[in-house]
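The values are calculated or read from the model by the stated rules, or taken from the named source; none is laboratory data. Keep in mind that this is a model prediction, so the values were computed, not measured. When we count neighbours, we look across all protein chains shown, and the Cβ atoms used for this are built from the backbone with ideal geometry, even at glycine. Heads up: the accessible areas ignore ligands, DNA and RNA and are worked out on the full protein's heavy atoms, side chains in. Shrake-Rupley method; radii C 1.70, N 1.55, O 1.52, S 1.80 Å.
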Amino acid sequence: GSVVASYPYDDSPTHRPTGVYSKSADDEVFRYLAKAYASHHPIMKTGKPNCPGEEGETFPDGITNGAQWYDVEGGMQDYNYVWANCFEITLELSCCKYPPTSELPKEWENNRESLLAFIEKV
């Protein structure tokens, strides 16, 4: 896990494991939507999730192109965009895949304004 808003494409023509910006035809829209979410999240907007084992990982403005972060061949986000014209971003909301129940109120507070801002854009 991490704390970042990721947008298409997650796959790239070269299938290099990381570092390839795979721009979609709607790249500006995806960046806009990802920033709308990230800019309202207290951790995401810093671009420094500081996840254990990945302390040096950074994401400018709290967003990333999926394939630039890591290549995912055949992912649902890309499939839905290409075949159903769905504009989806992937939200990584925590370093921990399954946060303890006691952390959920804090996660809600971290994400509430981001979710509202995102819904307003949609």
Is it the case that the stretch 2-9 has a residue that's under 11 Å from the mean Cα position of the chain (by Cα), over 14 Å from residue 89 (Cα atoms) and surrounded by 15 or more Cβ atoms within 10 Å (Cβ to Cβ)? yes
Go through 22, 6 for me and flag whichever is of a type outside the set (A, V, I, L, M, F, W, C) and assigned to a loop (DSSP other than H, G, I, E, B). 22
All positions within the stretch 62-83 that are touching an Asp or Glu at 6+ places or on another chain (Cβ under 9 Å), among the aromatic types (Phe, Trp, Tyr) and closer than 18 Å to residue 25 by Cβ: 81
Could you tell me whether the stretch 101-113 includes any residue that is in a loop (DSSP other than H, G, I, E, B) and either farther than 17 Å from residue 3 by Cα or open to solvent by less than 100 Å² (accessible area, probe 1.4 Å) (or both)? no
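Residues checked against (1) assigned to a loop (DSSP other than H, G, I, E, B); (2) touching a residue at least 60 places away in the same chain (Cβ under 8 Å); (3) open to solvent by less than 50 Å² (accessible area, probe 1.4 Å):
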residue	(1), (2), (3)
34	no, no, yes
64	no, yes, yes
72	yes, yes, yes
81	no, yes, yes
87	yes, yes, no
98	yes, no, no
Per the filter on the stretch 36-62, residues basic (Lys, Arg), touching a helix residue (DSSP H, G or I) at 6+ places or on another chain (Cβ under 8 Å) and not in a helix (DSSP H, G or I) are none
So, in the stretch 46-62, exactly how many residues are out of contact with any Pro (no Cβ under 7 Å at 6 or more places or on another chain) and either aliphatic (A, V, I, L, M) or open to solvent by 30 Å² or more (accessible area, probe 1.4 Å) (or both)? 11
